[in-house]
Amino acid sequence: MLFNPLALVQAFWRPKNQFALFFVSYFLAKLLHLGSHASSLPILLYILYFPTFLLQDWLLLVISKTFIYTQHGGIYRKVIGCLLALFTAGCASSQIAFFAETGGEIQWMAAGRVLGGSGGLGLLLSGLPAVGLTFGSLSTVAWIITPRFYDAVDLVLARIRASFCRVYALLRKTTNIDEAKAPLISLEESRSSSPVDLEPLPGTMSTVKTTPPPRTAIAISFTTLIAAIVVIILQIVRPKSPPYAHMSGSIPITLIEAAWFQPINSEFCLAHPVEQSIFPFERFANFFNNTQPHSWMPRSPSCGRGIKKGPPEWLEMPGDDGSSARELPPHGPPKSDSSSHSPSPDHGSDGSLLGGDGHHGGYGPRCDPLKLSNLEAPITEKLAHRLATKKPKIRNILLLTLESTRKDMFPLKKGSRAYEAIISTYSSSNATAELDAKLAKLTATSAFLSGESTGFESHEELMQEKPWKAAFKNGMGGLNVKGAVTQAAYTLKSLVSSHCGVEPLPVDFTEETKGSIYQACLPQILEQLNHPWNDTSIHPKAGVEKTPHGEGDYRNTEWTSTFIQSVTDQFDNQDVLNDRMGFKHTIVEAQISDERSKHYPPKQPRVNYFGFPEVETLDYLRDLFVDGMQQDKRVFASHLTSSPHHPFATPNDWAGRDTYLKQNHWRPHDPFDDYLNTIKYQDEWISDIFEMLHEVGALQETLVVMTGDHGLAFTAVDKSTSAVNNGHVSNFAVPLLFLHPDLPRIEVSTSTTQLSVLPTILDLLIETDSLSADAASTAHALLPLYQGNSLIRDIDFSVLLEDGSEAPAFFQPFHFSAINPGGSVLAIADASTTYRLILPLCSAIPLRFTDVSTDPGELQPIIAWTMEELVAIIKVSHGGRAKDWAILAEELGRWWVWNQRSKWGYWGVARSTGRGGAERSGRGQIKHKHWWET
């Protein structure tokens with residue numbers, strides 16, 4: 001028997017074969033997709049919404065069978081069906097083979113970028129054998145099921161269609177149906193009203209259908225309708241957050257979406273750079289007028305090893321969890337020799353920095369081209385004068401992180417955009433006086449602590465005086481930083497920056513917990529100060545005071561570190577993050593609700609889906625400071641508030657609730673009004689904390705650091721809403737204060753980030769003589785290793801030269817802020833300009849440029865889908881320098897993303913939707929103890 005090579009082509013030309021291959025390909029790929037995400041959701045939610053995950057597959061089946069794969073279709077339908085089946089089979093084979101090889105899923109949005117990069121063709125060719133084997137397997141399965149599958153689907157659809165027609169006829173009380181108008185009635189049915197035999201006449205499966213009897217027709221129609229209604233309802237009520245929509249995706253629909261909603265920078269969807277990531281030294285120097293010193297350390301030979309060809313060395317050994325296979329750096333303070341952190345980064349032929357830190361993880365300040373230092377600058381004049389007369393006593397540190405607290409809410413000022421938005425809801429001018437009286441009490445504590453004028457001073461007599469305020473004499477209070485922006489509009493990433501002095505990992509959710517944080521965090525440093533390095537030679541700076549302290553001196557006592565909040569720490573692995581940051585003790589919702597807890601039962605019921613109101617932590621906070629004094633310990637407490645988080649709930653019995661925005665019957669309730677109430681509640685809570693410190697006698701010896709984790713945009717104020725994938729400036733401007741009754745009031749207007757929190761705390765401890773001699777020496781050695789700067793010194797930056805000396809800086813700090821959830825959008829700004837660039841990373845969001853000096857509310861941003869289009873508009877509207885800045889910022893942003901990946905040693909995919917179920921476990925959701933909890 002001779003083999004006919006055209007037999008396969010002829011067989012595949014039949015719609016039955018095409019349909020079988022099409023179905024087998026997309027459905028098996030979908031089952032694999034759902035299986036890989038089986039642990040992405042609690043089992044009950046997975047089962048509940050499972051029908052919605054298959055909705056696309058059912059629609060593909062019905063639509064393709066009805067309109068494409070028909071038995072009597074013309075040549076065009078056969079061609080379309082053939083191409084669709086082959087295309088779907090090829091993509092499904094690639095998806096399955098990729099999963100078998102890597103355990104992950106293909107990022108279809110970035111597939112074109114991969115193939116277009118160097119080595120892309122090689123990557124494609126290396127996977128062809130596995131793809132070919134998978135394609136053959138899918139074709140074999142399709143060939144096996146073809147004889148029955150097409151006819152079975154045809155019969156099921158025909159029965160459903162016939163049942164609805166029969167029910168419709170019954171409802172119309174039609175007894176005589178013209179056979180020409182009802183082709184679905186069989187010949188047997190036209191002769192007899194007896195139950196129909198489901199066996200079709202030979203050779204008539206595709207053309208002769210059976211009509212069920214009335215009861216069967218009603219049952220089939222009713223079941224179909226109920227099933228459709230249930231699925232539609234589930235689809236409507238199903239959460240819009242990941243991973244639900246991603247789990248519903250089916251080939252080829254996902255590819256159509258990828259082509260239609262193509263990300264501007266699709267390479268950031270990948271786990272590794274397609275090309276070497278470079279620092280734009282030449283453009284950087286040109287923008288700042290070529291004033292860089294010739295011996296600038298980052299451009300010196302000691303920071304480069306020539307050009308590297310081929311893929312990065314880490315690419316061949318990725319870790320199973322997305323981190324690199326390298327040995328992660330240990331916890332604890334880094335060594336003073338920065339070269340131990342990472343190999344020197346590479347340079348291109350034009351001096352461009354390749355790949356940052358050599359893709360080995362860790363951070364070395366010597367070769368960081370954006371590293372600036374002001375440690376050699378003098379202490380600010382007012383503080384220096386105070387330190388010369390009386391040094392504040394800093395025995396304890398309390399770091400308050402204020403959830404979703406905008407800078408313009410700390411305090412609210414009369415005449416601000418927020419104030420005008422509130423007042424605009426009233427039509428009568430007579431309402432202003434009454435409203436001002438209410439708004440004066442909204443942020444009374446914030447106004448006192450910041451020392452900023454609010455414009456509501458005429459209403460101060462209405463405010464209740466608190467005893468703790470007497471501890472702050474005239475002109476005393478501390479540093480108020482007015483130009484602070486967050487490093488991440490995502491709470492847990494922001495905590496990493498403020499507690500550890502590191503920049504966030506630009507990927508979705510808290511993947512920072514998968515490895516070691518690349519710098520020591522404050523709890524780890526304080527633990528190190530309990531056992532300081534007894535080596536005065538590790539820091540070359542002269543003049544460090546080495547006064548001995550007696551055994552009973554608080555400077556010789558040990559630090560204890562505690563993280564405390566009233567809500568759960570099970571969201572997005574916060575408990576793991578707290579441990580990574582070095583907190584040995586935590587007090588969270590689980591302890592508050594534990595019957596064995598000291599202060600059980602809680603005095604307040606749960607206020608939202610995260611836990612209790614902040615007041616439930618007051619007794620535990622008091623215990624920390626009382627026990628610290630009794631046990632002769634120094635206290636570092638970090639407290640995260642929660643009330644200003646969605647759903648903006650306050651305790652039911654709280655008497656301070658008020659209405660600020662006028663409510664109209666035709667307008668729905670504005671969430672900004674609820675947010676204002678949570679700001680007021682938080683403001684009162686801050687006062688309660690200071691009152692507690694005053695009562696236990698700890699206020700005069702406690703440094704209180706306050707900062708917002710991020711802001712929050714509202715339509716009422718910003719014509720924009722949410723912090724998710726939203727680069728509006730209101731999501732980034734946050735309060736930042738360093739408070740102590742014996743520190744002079746100093747207003748710092750420089751633009752800075754939470755990277756400066758840790759260095760400023762260490763510098764304050766040193767300069768106020770609040771550390772032992774050995775501990776001060778250790779802190780001095782650590783300070784230069786951090787990216788941030790000390791805010792108690794003049795903002796007079798310098799850069800490191802090749803010979804170890806320093807020269808005046810020729811640029812100002814650049815700020816890169818990850819936008820919630822972390823891997824989709826990046827906000828870029830720098831302290832020397834008022835420009836902001838919103839750079840999409842792995843999302844179909846346009847580029848966005850603003851100048852907050854002329855448009856502080858960012859109400860008229862420049863938006864474009866390509867960089868070329870954006871800079872063309874900027875040049876016309878803002879001039880050549882703004883255009884040059886935007887180009888530089890975009891190139892710096894690209895370099896920064898991959899440089900951060902190398903610092904963290906992380907090479908997983910950026911978006912949570914591209915990770916497998918095991919990788920996504922606990923990310924962006926609350927962990928539960930039992931499988932049945934949702």
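Between SER424 and ILE863, take the C-beta separation as r, use R0 = 30 Å, and let me know the FRET efficiency to the nearest 0.05. Step by step, r from the Cβ atoms, then E = 0.75. When the listed pairs LYS413/LYS680; LYS390/LYS473; LYS493/LYS883; LYS414/LYS680 are checked against a 19 Å cut-off, the alpha-carbon distance exceeds it for LYS493/LYS883. For the stretch 21-54, the residues whose amide N sits under 18 Å from a probe point set 7 Å from the Cα of VAL230 along the beta carbon direction are 44-54. Counting every other Cβ atom within 10 Å of each residue's Cβ, MET706, MET867, MET409 order from fewest to most as MET867, MET706, MET409.
The label-point distance for LEU171 and HIS646, in a model that sets each label 7 Å from Cα toward Cβ, rounds to 3.9 nm. FRET efficiency for the LYS390 to ARG596 pair, using the beta carbon distance and R₀ = 35 Å, is estimated at 0.20.
Bear in mind these aren't lab numbers, they're just calculated from the coordinates by the rules spelled out. For clarity, every value in this text was computed on a predicted model and none was experimentally measured. Methodologically, a virtual Cβ is constructed for each residue, glycine included, from the backbone with ideal geometry; neighbour enumeration extends over all protein chains shown.
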